1. Within the set of pairs 6+ apart or on separate chains, which have a first residue in the range 28-47 that is of a type outside the set (A, V, I, L, M), a second that is assigned to a helix (DSSP H, G or I) and buried (at least 16 other Cβ atoms within 10 Å of the Cβ), and C-beta atoms under 6 Å apart?
2. With the requirement that a residue be at pLDDT 85 or above, of a type in the set (D, E, K, R) and surrounded by 11 or more Cβ atoms within 10 Å (Cβ to Cβ), what does the range 155-188 give you?
3. Only residues that are open to solvent by 90 Å² or more (accessible area, probe 1.4 Å) and either over 18 Å from LEU10 (Cβ atoms) or in contact with a strand residue (DSSP E or B) (Cβ under 6 Å, 6 or more places away or on another chain) (or both): list them for the range 31-73, please.
4. Search the range 114-138 for residues that are of a type outside the set (Gly, Ala, Ser) and pair each with any residue that is open to solvent by 80 Å² or more (accessible area, probe 1.4 Å) and part of a helix (DSSP H, G or I) when their beta-carbon atoms are under 6 Å apart and the residues are at least 6 apart or on different chains.
5. Exactly one condition in (1) part of a helix (DSSP H, G or I); (2) in contact with a helix residue (DSSP H, G or I) (Cβ under 6 Å, 6 or more places away or on another chain) is false for LEU45; which is it?
6. Using the structure shown, decide if ALA81 is among the small types (Gly, Ala, Ser), at pLDDT below 75 and under 30 Å from ILE31 (Cα atoms).
7. Would you check if ALA150 is over 30 Å from GLU116 (Cα atoms) and either open to solvent by 60 Å² or more (accessible area, probe 1.4 Å) or modelled with pLDDT of 75 or more (or both)?
Amino acid sequence: MEQPTREATLDARILKHIRHTAKRLARQGRIPGMDADDIAQDLFLDLWRRRAAFDPSRASFATFADRVIAHRVASLHCSTARLRAERQHLSLDEGDDGAERPVLADSLPDPQAVSEADQALALDVRRFLEGLPPALRRCCDLLLTPNLRAASAEAGLHRSTIYENARRLRRLAERAGLRDYVAAPRHFADRAGRCPA
């Protein structure tokens, strides 16, 4: 800004206003990462770029410069205010007046807690398994293994026997009322993937 060619084109009052505004903003810390010289240079360059839009029939150049500087300060400050608001830490446990209130985490259900439906399912499945003959219980253990082929070979059973026992288990579980715990598949009325013609 110390270059005399630039300062010669602007009124001393406008340059004083730019410097004063830049010092005030830097002192208040309103625009992080910029000191007074950076702010003054930004204000000057914005006014310099917009000088072609000046219309002498509408106002004086000093008024035009004041408006351009005020708008640039607002735009520089506005993004900072938005960033500060985004980064501001708010307590979810304190009210607006600073009074302590119940903790939000205490009012939310525990996602790890066992629900009543889960407890009922566990009891019904335990009763169902206790009522099974030993061969079907052994089949349940085999069905829980990650590799059914290896488990059936180790048990000395053919896979078709395990699959037949699995069908028997399914029928017995439905008769025992365990089907009520299984959610029905969702059906969509409209066909997906195609737009109507």
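1. Listed pairs, sorted by first residue: ASP35/ALA26; PHE44/ILE18; ASP46/ARG72.
2. Those that are at pLDDT 85 or above, of a type in the set (D, E, K, R) and surrounded by 11 or more Cβ atoms within 10 Å (Cβ to Cβ): ARG159, GLU164, ARG168, ARG170, GLU174.
3. PRO32, SER57, ARG58
4. Correct list of pairs: LEU121/TYR181.
5. Condition not satisfied by LEU45: (2).
6. Working: among the small types (Gly, Ala, Ser): yes; at pLDDT below 75: yes; under 30 Å from ILE31 (Cα atoms): yes.
Answer is yes for this residue.
7. On the way: over 30 Å from GLU116 (Cα atoms): yes; either open to solvent by 60 Å² or more (accessible area, probe 1.4 Å) or modelled with pLDDT of 75 or more (or both): yes.
Yes.
The values are calculated or read from the model by the stated rules, or taken from the named source; none is laboratory data. Values in this document were obtained by computation on a predicted structure and should not be read as measured data. Methodologically, a virtual Cβ is constructed for each residue, glycine included, from the backbone with ideal geometry; neighbour enumeration extends over all protein chains shown. These area figures cover heavy atoms from the full protein model, side chains too; ligands, DNA and RNA do not enter into them. Shrake-Rupley method; radii C 1.70, N 1.55, O 1.52, S 1.80 Å.
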